[in-house]
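Enquirer: Questions regarding the structure given below will be posed in turn.
What follows is calculated from the coordinates using simple rules that are stated; it is not laboratory data. Since the structure is predicted, the reported quantities are computational estimates derived from the model, not experimental observations. So basically every Cβ, Gly included, is an ideal-geometry build from the backbone, and we count neighbours across all protein chains shown.
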Amino acid sequence: MSENKDPHVAQGVKFVYDFTEGNKDLKDLLGGKGANLAEMTNLGLPVPPGFTITTEACKVYLDSGEEPAALRDEVGAHLAALEKKMGKKLGQADDPLLVSVRSGAKFSMPGMMDTVLNIGLSDKSVQGLAKQAGDDRFAWDSYRRLIQMFGKTVLGVDGELFEDALEKAKQAKKVAVDTDLDAAELKKLVTRFKKIVKSEAGRDFPQDPREQMDLAIHAVFDSWNTERAKLYRRQERIPGDLGTAVNVCSMVFGNLGPDSGTGVAFTRDPASGQQGVYGDYLQNAQGEDVVAGIRNTVPLADLEQLDKKSYDQLMQIMETLETHYKDLCDIEFTIERGQLWMLQTRVGKRTAGAAFRIATQLVDQGLIDEAEALQRVNGAQLAQLMFPRFDEDAKVEQLGRGIAASPGAAVGKAVFDSYTAIKWSRSGEKVILIRRETNPDDLDGMIAAEGILTSRGGKTSHAAVVARGMGKTCVCGAEDLEVDTKRRRLTVNGHVVEEGDVVSIDGSTGKVYLGEVPVVPSPVVEYFEGRMHAGADDADELVKAVHRIMAYADRVRRLRVRANADNAEDALRARRFGAQGIGLCRTEHMFLGERREMVEHLILADTDEERENALKELLPLQKRDFVELFEAMDGLPVTVRLLDPPLHEFLPDITELSVRVALAESRKDANENDLRLLQAVHRLHEQNPMLGLRGVRLGLVIPGLFTMQVRAIAEAAAERKNAKGDPRAEIMIPLVGTVQELEIVREEAEQVIADVERATGVNLKLSLGTMIELPRAALTAGQIAEAAEFFSFGTNDLTQTVWGFSRDDVEASFFTAYLEKGIFGVSPFETIDKDGVGKLVRDAVAAGRATRPDLKLGVCGEHGGDPESVHFFHEVGLDYVSCSPFRIPVARLEAGRAASTSAGSDHR
Ligand code: PEP
Ligand code: MG
């Protein structure tokens, strides 16, 4: 034997595993399909013998352009073993062993990669197959399928050429379906197909079975990197470097006559979770016929009549699989002349509602424990269950279906441009903005619309990204819809929808309906709101399941969950949803409406007296806000952030005001106040207001502003205490970059608090802390902690400043391009960028606690309600996350999931 120079061999790397050698936990190496075929084989289920080539082999091939040197021999050895087991050789002339070559990555990528069936057939062995099967037609049909699939996927021939030839053969014979072509016609078709291969691929269809197999294996490797596979991975956030495994499996045939067939089955209903017989069966067919929908399938239950023995065996296998995997499984099977074969199984996909129900059902069956049940659901599913939905019992007329890009149920009049969307919504109409695709110019129209519908683009299209960011319902890429923006109408299947016609879109399913479909509130929200009780006899099964899983999450989570809320109404809702306090009260929201004029007075004040008067006017109003808030959150912490945004935000728009003043001047009746206002607007105008005079900077240059707010908080707290309440206010200073800023504000605040305590005789116990939302604050967190009793990470501004991304502009302008190029899989404003922004958070946590071991730590940026980010904040050891009231249940659930996966590890 020649010396083998392959380093993999030297290292003992094994590239091929027999189905008897693997198991379900080897998905990284064997892919999902290979690992599960091995698992079923080892369970003693009827799996056609075969072997799996590892993802490692694929990676070597993709990196170097060549298969690992050892692979050929390893495949040879496994093939020889397979041939021995089957008692025939690959492509043997008188009785050929045939194999399928299928892709199978770690994560399922349906329809993305390649499969070649019937490898081993040639001009000679097709005769042998015909003799063995006693069926000429079957053999020639199998051969034509091989040449067709091989030609298309391995040799890159345009698939339509084969389809056209097949169509012509059917027309010539005046038959409607391929099964009506007889052996002689299929034989002719084989000759035709071979000619197509020769002329298109410039080579003959290979007659050597091993060459067929090797080429098919390479084609599967290559299919990992097709454009559609890459796009799918980006959308589903599957890493691009995993590679695919290749499964070589001996063929079994569902197309050998009426006692044969193929089907798919679920061990329980993937829509509701109910146990029962769910699936489809197609007699006398091969697997791809089911997917291609060339003939109508029958419900799986009908198999009982067609083939009782196989049906009973299948039911028993399904039970074995469910008990073994302890989860819903989906299955592909084939029956070859009355013999049942299992071709695939995996833990099946399910709807969000079914996920919760199945998890609790499995607990009740004793198959899994509560900790495992918690891992079987996730925050994205819970969020989906919280959107209002269309009434399932309503009569609907479906127009088409696109991609479910941003969940929710939206109803409105069809409009085809943003201008109309804005105009109509201003006059109180609900509208659905329909575009071929959207671009940044459509932003205002998207904001005005109830929902967005496009006929082009996928989950990362502009419409999808922006709508998700806004929490707006969106269906995109509904390709059947012909959108004609010029004529303001869309056409679908001969149906015309004009501007003003009502349409309904379901962003959770992608379905588009004509007319108004009634919307019902989500039962899960009714439950969180306390309007539906999980304990009631007639309680919805879903609500019961959600209740049980939430209770468990609450028991195990370490992170506390607070709300971002600025008024009593939101605070009360947050409390009902399970908030354990307010993590961010943005006081700027209290300065709008009729109070805006008072702020104008403050800004326009020329003298100290005028300024003090303006502040005095604001003080009682601020105080009332806080009294209400502290009452709503009695007994729980409320973090009040002092004013953050640049002052010009409280002044009129510079262009509008300039026009007004100019017009008035031309009429010579300019108003004194407007002139002063315009001057102030000019004075405060900034090129980059987000990086300008805001946050603590404002507090330092507008005397009395922050102290007025601190006084309002302190007096409100004193009032609540006197009323026997339990206010727990925390004062938070925004946009601090250096400890000196904080020290100055702190000293002034402490004086005010002491004043109020003296005047009221109440001991207030107010704590003072800061936001960490600038890189410099994070980098000097150790110093800042000297003057702060708590940190709250403002990851919105921190993301903006770490990346240099304007949070107001970039998502709508170039994020689509960034997502499409795979620069990131998700916007860093949505999910925390662990390596960059996250690193600063992690380091600031450590530095802050080194200075002050009892420093309280939280996050109040948008990331506080994002599932993946919650896990990160758990991991770095924050005390709480704070998010909008609606996202609180999601944060509770994910905090529970994070704690239960890292059980035993204490981060504090
Ligand atoms: C933040 O920056 O993350 C934050 C919570 O503050 P705001 O969004 O109000 O700037
Ligand atoms: Mg901020």
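Enquirer: If you line up the long axis of helix 705-722 against the longest principal axis of the chain, both from Cα atoms, how many degrees apart are they, to the nearest 10?
Expert: Rounded to the nearest ten degrees, it is 90.
Enquirer: Which residues in the stretch 866-904 have a backbone N closer than 13 Å to a point placed 7 Å from the Cα of Ala371 along the Cα-to-Cβ line?
Expert: So the set is 897-904.
Enquirer: Then there's this: Explain nothing, just the number: dipole magnitude of the stretch 261-350 about its Cα centre with +1 on each Lys and Arg Cβ and -1 on each Asp and Glu Cβ, in debye rounded to the nearest 20.
Expert: 120
Enquirer: What is the stretch 727-875's relative contact order, in percent, from Cα pairs under 8 angstrom and six or more apart in sequence?
Expert: 26
Enquirer: Out of residues 5 or more away from Thr20 or on other chains, whose amide H comes under 5 Å of its own, with H placed 1.01 Å from N in the peptide plane?
Expert: Excluding prolines and chain starts, which carry no amide H, there are no hits.
Enquirer: Per the helix-only calculation at 222 nm, which mean residue ellipticity applies to the chain, given -39500 (n - 2.57) for every DSSP H run of n ≥ 4 and division by its residues, nearest 500 deg cm²/dmol?
Expert: Computed mean residue ellipticity for the chain: -13500 deg cm²/dmol.
Enquirer: So, one more: With a cut-off of 8 Å between alpha carbons and a minimum separation of six or more residues, what is the relative contact order of the stretch 261-350 in percent?
Expert: Rounded, it is 31 percent for the stretch 261-350.
Enquirer: What whole-number distance in Å separates the alpha-carbon centres of the stretch 790-807 and the stretch 515-570?
Expert: 31
Enquirer: HN-Hα J couplings of the stretch 372-388 from phi, Karplus 6.51/-1.76/1.60, θ = phi - 60°, integer Hz, Gly and Pro as x?
Expert: So the J values, rounded to whole Hz, are 5, 4, 5, 6, 7, 10, 8, x, 5, 5, 5, 4, 4, 6, 8, 6, x.
Enquirer: Which value, in debye to the nearest 20, gives the size of the charge dipole of the stretch 387-520 about its Cα centre, when Lys and Arg are +1 and Asp and Glu are -1 at the Cβ?
Expert: Taking the Cα centre of the stretch 387-520 as origin, the dipole is about 280 debye.
Enquirer: Can you give the angle from 0 to 90° between the axis of helix 654-666 and the longest principal axis of the chain, with both taken from C-alpha atoms, to the nearest 10?
Expert: Taking Cα atoms only, the helix is inclined about 50 degrees.
Enquirer: Sticking with this structure for a sec: Quick check on the exposure proxy: order Thr345, Thr360 from fewest to most C-beta atoms within 10 angstrom.
Expert: Thr360, Thr345
Enquirer: Could you sort the peptides 204-215, 413-424 by per-residue average Cβ neighbour count (10 Å cutoff), highest mean leading?
Expert: 413-424, 204-215
Enquirer: May I pose another question? Got a sec? How would Val264, Val638 order by Cβ neighbour count within 10 Å, fewest to most?
Expert: Least crowded to most crowded, the residues run Val264, Val638.
Enquirer: Can you sort Trp341, Trp140 so the residue with the fewest Cβ neighbours within 10 Å comes first?
Expert: Least crowded to most crowded, the residues run Trp341, Trp140.
Enquirer: Which cross-chain or sequence-distant (5 or more) residues have an amide H under 5 Å from the amide H of Cys476, H modelled 1.01 Å from N in plane?
Expert: Those lying under 5 Å, H to H, from Cys476 are Ile403, Ala405, Thr454.
Enquirer: Next question, about the same structure. Can you tell me the relative contact order of the chain? Whole percent, Cα pairs under 8 Å, sequence separation 6 or more.
Expert: 9
Enquirer: Relative to the longest principal axis of the chain, what angle (0 to 90°, nearest 10) does the C-alpha long axis of helix 209-223 take?
Expert: 10
Enquirer: Can you pick out the pairs among Lys459/Lys486; Lys85/Lys198; Lys106/Lys472; Lys131/Lys309 whose Cα atoms lie more than 29 Å from each other?
Expert: Lys85/Lys198; Lys106/Lys472
Enquirer: Please give the peptides 498-507, 859-868 ranked by average Cβ packing (other Cβ atoms within 10 Å per residue), highest first, as a rough proxy for protection.
Expert: 859-868, 498-507
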